[in-house]
Amino acid sequence: MRRYSSLLASLLVAIVAMGSTLTETALAQGDQPTDDEVNAVAKGLYCPVCENVPLDVCPTQACKQWRETIRDKLAQNWSQEQIEQYFVSQYGDRVLATPPASGLNWLVYLLPPVIFIAGAVILGGAIRSWRKVSRTVAQPADEPSADPYLERVEEELRRRD
Amino acid sequence: MIEGIGFAALVISFLLALYGAGAAAYGATRGRAEWVESARRAMLLSWPMISVAALAIILLLVGARYDIAYVAKVTSNSMPAYLKITALWGGQEGSLVFWSWLMAAFASAVGLRKWDRDRDLLPWVIVVTMITLAFFLSLIIFFENPFSRIWITAEGGQAFAFFRPEGAQAASPVDGQGLNPLLRHPGMIIHPPMLYLGFVAFVIPYAFAMAALITGRSDDRWIRVTRRWTLVAWLFLALGLILGGRWAYDVLGWGGYWGWDPVEIAAFMPWLAGTAFLHSVMVQEKKGMLKHWNMLLIILTYSLVLFGTFLTRSGVLSSVHAFAQSAIGPMFFAFIGISFVVSLWLLLKRWGELRGVNQINSIVSRESLFLVNNFLFIVILAVLFLGVIFPLVSELFTGQTVTVGPEWYERIVGPLFAGLLLLMGVAPLSAYGSSSWRTLGKLIWLPVAISLVIPALLLITGMRSAAAILGYWLASLVAIVTLYEFWRGASARHRRHGEILPVALVRMAGRNRRRYGGYVIHLGVVLMAFGIIGIEVFQTETQGTLARGEQLTLGRYVMVYEGLTRFNAEDGREISRAELSIYKDGRSVGKLFPRQDFYLVQNQPMTIPGVRSTLEEDLYVLLVGWEPIGQGGATFKIYHNPLVNFVWLGGVVFILGTLVAAWPDREPETVRRRSAHAQALPAGD
């Protein structure tokens, strides 16, 4: 029991502590753009030559050089958008972490809500028609008791014992 | 010699599978029971035959037979023996043999069950399993032969073939390339077998479903027979996913466990379809509803199993798993398409006969909520499928490759998973049939009221992330409702039988393992949700380049760089290991040793984190680089991962819950005997 209490306590302490860590930031490193500033941009880009690896965590030598390119651009006061566009012009749309909202790529943004709405309409239709069936079929007097759960447990016990 | 025996065993297995499928179909359509029995024996024989082939590969791997192309590709002299054995599933050819071996094992287990009640289903179960097996064996024999040798052609080039090409000489390399370094991890040794077990086990419920469609049985017998198979498949798939996550966390060095990689998603999709299926079959069993839907779900699950294997094995998508690229894609694609179309055709043929009693009395009844649950699972599945195939579609139609990364997935499926959490909090309190808003409200108000304490506390303590507050509230609601359900059931037994509460709890759970196992699974999901929200919303990171003695700070942690050592390991690694002193709130909490292993033969670096792990958080440090600056500096990346260990803890609870749900019931005779014995005992015993 004590172990469970300490588990719960750890969980609560950790969740509460998390709120405060959000406001803290990493140390800056001199005048050059910091690694954190570089990584903040690199996180939104994918390694142009590796497969499905974000640029901020890619361990290859090529990616280290690309991160240095980002640092140089940041030092020249380029914005994140400009840097992303630079990489897109060099290596294509695949370097972006999400497809740009243009042309065929719109599908990837429009289809999810369409799928959701279509599914909801089908589900709603099914429930409506099955409720109609239920109303037309003579209903047994199964008005739930005050506690359907207990009724269920009791029924199960009667059946199994 | 060994390779000859292995290859012959594969060919015989292939012929047995073809014969089994043919003989079973012939026996069923002509009413010839002896043909069906012969097919069953062929099915039983396939497993020992493929075992011979698998054993032959293991002997070649352990025996360092580098003249065999597969052995040279996945092993090397420096590898320890256990890695050489597990290299059986470390490459394309071997893993296909391993898949087939598991498939044959499951088919044999099905063949050995008592078939008295379901004799009519047997031949068609054989047909489906043997066709699936024959397909995989054909891929191995004709495209991915693990017994192919390396030959030096007359022109001086290299060729890989089982039989000697004209004018070629056998090559005899003295060492191999060795296993992909990413796979040399305990998690990766166990992860693929678990995933394959999950994939393969789902073939069995699908085979029974098809058998039911072919024979025109519209009852739910196929569901009852395969209930445990489905749970076992689901268990292994879940275990595979969890182990895969752990492997990614330990080995891939990105500070997380789930990167929305297409191959990760490919393994997740059959799990989602299987989860929807596990919930909806309960509605069919209880209410005789959703017969068409359950057929569709199992067809979908089987197709997704094939699709998942296809993605992993064909290399059709670019991902970190793409080491398994090969030319078997079109074959796979055709097989998935044909089996999907044939399955749907069978379903449409029997559509009329499968009409159930689809009635819903209340929109808050258990069956209605299960329908909503299925809707959410299927929408998530469809969204994930879209995300996986969209880069291919884009490339096909525009020639432009795009990346669909974590941000897109999380933005869309995050709210849907929140909806599932809400359902997990509400559905256990609703009843089948006539649950009304009033009765549900009476039951749920108290858990909701208690659960609201959590978001209130979080707001008071300064948390302002709406997503996290909502997520923690929903997870708390699920936990409270689930524990409330345990308590209510146990106290009902306590009142009825006078059992003390712990005994009542155990007996209650034992009498309805599926329900209470399911609730334990829900608790596992709650713990995982706590961990996932923790790392997704509150993960912080920083990176810096330090000279010896300098420090880097992240939140309450300070990390001091003490030095770096470089040395060579016996297994062909050049290791660079940093030493760091870690302080939390100014107090020393130990040292960490993040390192980079550079595999010289494969020319591949591996970033192994140094991790300080406690229940509430991980400090996860990566050695990014060590370009000498000044007095020997190094670059480190630090992640603070709050609550990440709840993901693994939740995973363990999840698996335990699945084991409870899947645990076999006592034989009915035993139950009857025990119950008769109990009645004979004096009261109070």
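Only the coordinates and a few stated rules stand behind these numbers; no lab work does. Small disclaimer: the values here were computed from a predicted structure and weren't measured. Cβ coordinates were reconstructed from backbone atoms using ideal geometry, including for glycine residues, and neighbour counts include every protein chain displayed.
Tell me, in nm to one decimal, what length is gained between B:S613 and B:A171 on full extension, where the rule is 0.36 nm per residue of separation less the Cα-Cα distance?
Value of the extension gain: 154.2 nm.
Taking R0 as 45 Å, what FRET efficiency do you get between B:R496 and B:V652 from their Cβ-Cβ distance, rounded to the nearest 0.05? Don't skip to the answer; put the middle values down first.
On the way: r = 33 Å, r/R0 = 0.73.
The computed FRET efficiency comes out at 0.85.
Rg(Cα) of the protein assembly as shown divided by 2.2 N^0.38 Å?
1.02
Between the range A:106-133 and the range B:98-133, what is the separation of their alpha carbon centroids in Å?
About 37 Å separates the Cα centre of the range A:106-133 from the one of the range B:98-133.
Compute the relative contact order of the range B:409-533 as a whole-number percentage, counting only Cα pairs closer than 8 Å that sit 6 or more residues apart in sequence.
Computed value for the range B:409-533: 27 percent relative contact order.
Grab the other residues whose beta carbon is less than 15 angstrom from that of B:F98, score K and R as +1, D and E as -1, and report the net. Let's see the in-between values first.
Values: positive: B:K84, B:R313; negative: B:E93, B:E144.
That works out to 0.
Mind grabbing the base-10 log of I(q)/I(0) for the range B:538-646 at q = 0.14, 0.16, 0.22 Å⁻¹? Debye formula, identical points on the C-alpha positions, no solvent, two decimal places.
-0.55, -0.71, -1.16
Quote the FRET efficiency, to the nearest 0.05, computed for B:N512 versus B:R566 with a Förster distance R0 of 60 Å and r equal to the Cβ-Cβ distance.
That gives a FRET efficiency of 0.50.
Using only Cα atoms, locate the centre of the range B:149-177 and the centre of the range B:569-623, then give the distance between them in Å, rounded to an integer.
What the calculation gives is 42 Å, centre to centre.
Sticking with the crude label model, points 7 Å out along Cα→Cβ, report the distance from B:Q551 to A:A101 in nm, one decimal please.
Reported label-point gap for B:Q551 and A:A101 is 4.6 nm.
Counting helices only, and only those DSSP H runs with n ≥ 4, report the 222 nm mean residue ellipticity of chain B as the sum of -39,500 (n - 2.57) divided by its residues, in deg cm²/dmol to the nearest 500.
Value at 222 nm, helices only: -21000 deg cm²/dmol.
Say the dipole of the protein assembly as shown comes from +1 at the beta carbon of Lys and Arg and -1 at that of Asp and Glu; which of B:A64, B:S138, B:G256 then lies farthest toward its positive end?
B:S138
Just add up the charged neighbours of B:I328: K/R +1, D/E -1, any other residue whose Cβ is under 13 Å from the Cβ of B:I328.
On the way: positive: B:R313; negative: B:E93, B:E144.
Once all neighbours under 13 Å are counted, the net charge is -1.
How big is Rg to Rh over the range B:1-94, alpha-carbon atoms, Rh as the Kirkwood inverse-mean-distance radius?
Rg/Rh for the range B:1-94 comes to 1.18.
Would you mind computing, in nm to one decimal, how far apart the modelled labels at B:I460 and B:L55 are, each placed 7 Å from Cα along Cα→Cβ?
6.7
Can you give the charge dipole size of the protein assembly as shown about its Cα centre, rounded to the nearest 20 debye, using +1 on the beta carbon of Lys and Arg and -1 on the beta carbon of Asp and Glu?
Roughly 3460 debye for the protein assembly as shown.
Karplus couplings for the range B:500-505 from phi (6.51 cos²θ - 1.76 cosθ + 1.60, θ = phi - 60°), rounded to Hz, Gly and Pro as x?
5, 4, x, 5, 4, 5
Near B:N641, within a Cβ-to-Cβ distance under 12 Å, what is the net charge of the other residues, with Lys and Arg +1 and Asp and Glu -1?
Counting the neighbours of B:N641, the net charge comes to -4.
Sorting B:M508, B:M331, B:M103 on the 10 Å Cβ count, fewest up front, what's the list?
Ranked by crowding around the Cβ, least crowded first: B:M331, B:M508, B:M103.
Please name whichever of B:I223, B:L44, B:G167 sits farthest to the positive end of the charge dipole of the protein assembly as shown, dipole taken about the Cα centre and charges placed at Cβ: Lys and Arg +1, Asp and Glu -1.
Going by the charge dipole, the pick is B:I223.
Past 28 Å, Cα to Cα: identify those pairs from B:K73/B:K637; B:K84/B:K591; B:K584/B:K637; A:K73/B:K584, in the order given.
B:K73/B:K637; B:K84/B:K591; A:K73/B:K584
Nearest 20 debye, what's the magnitude of the dipole of the range B:1-179 about its Cα centre given +1 on Lys and Arg Cβ and -1 on Asp and Glu Cβ?
I would put it at about 520 debye.
List, in the order given, every pair from A:K132/B:K291; B:K291/B:K349; A:K132/B:K349; B:K287/B:K442; B:K114/B:K349 whose Cα-Cα distance in the structure shown is over 21 Å.
Over 21 Å apart, Cα to Cα: A:K132/B:K349; B:K287/B:K442; B:K114/B:K349.
Looking at B:Y599, B:G6, B:L347, which one has the Cα that reaches farthest to the positive end of the dipole of chain B (charges on Cβ: Lys, Arg +1; Asp, Glu -1)?
Most positive-ward Cα: B:L347.
Calculate the spin-label point distance for B:A161 paired with B:L396, positioning each point 7 Å from the Cα along the beta-carbon direction, and give it in nanometres.
Output for this residue pair reads 3.5 nm.
Could you size up the charge dipole of chain B around its Cα centre, putting +1 on the beta carbon of Lys and Arg and -1 on that of Asp and Glu, and report it in debye to the nearest 20?
For chain B, the charge dipole is close to 2760 debye.
For the range B:538-646, calculate the relative contact order in percent as a whole number, restricting contacts to Cα pairs under 8 Å that are 6 or more residues apart. Write down the numbers at each step before the final one.
Details: 268 pairs, mean separation 28.2, N = 109.
About 26 percent, as a whole number.
Pairs of Cα atoms under 8 Å, at least six residues apart: use those to get the relative contact order of the range B:1-179, whole percent.
The value is 30 percent.
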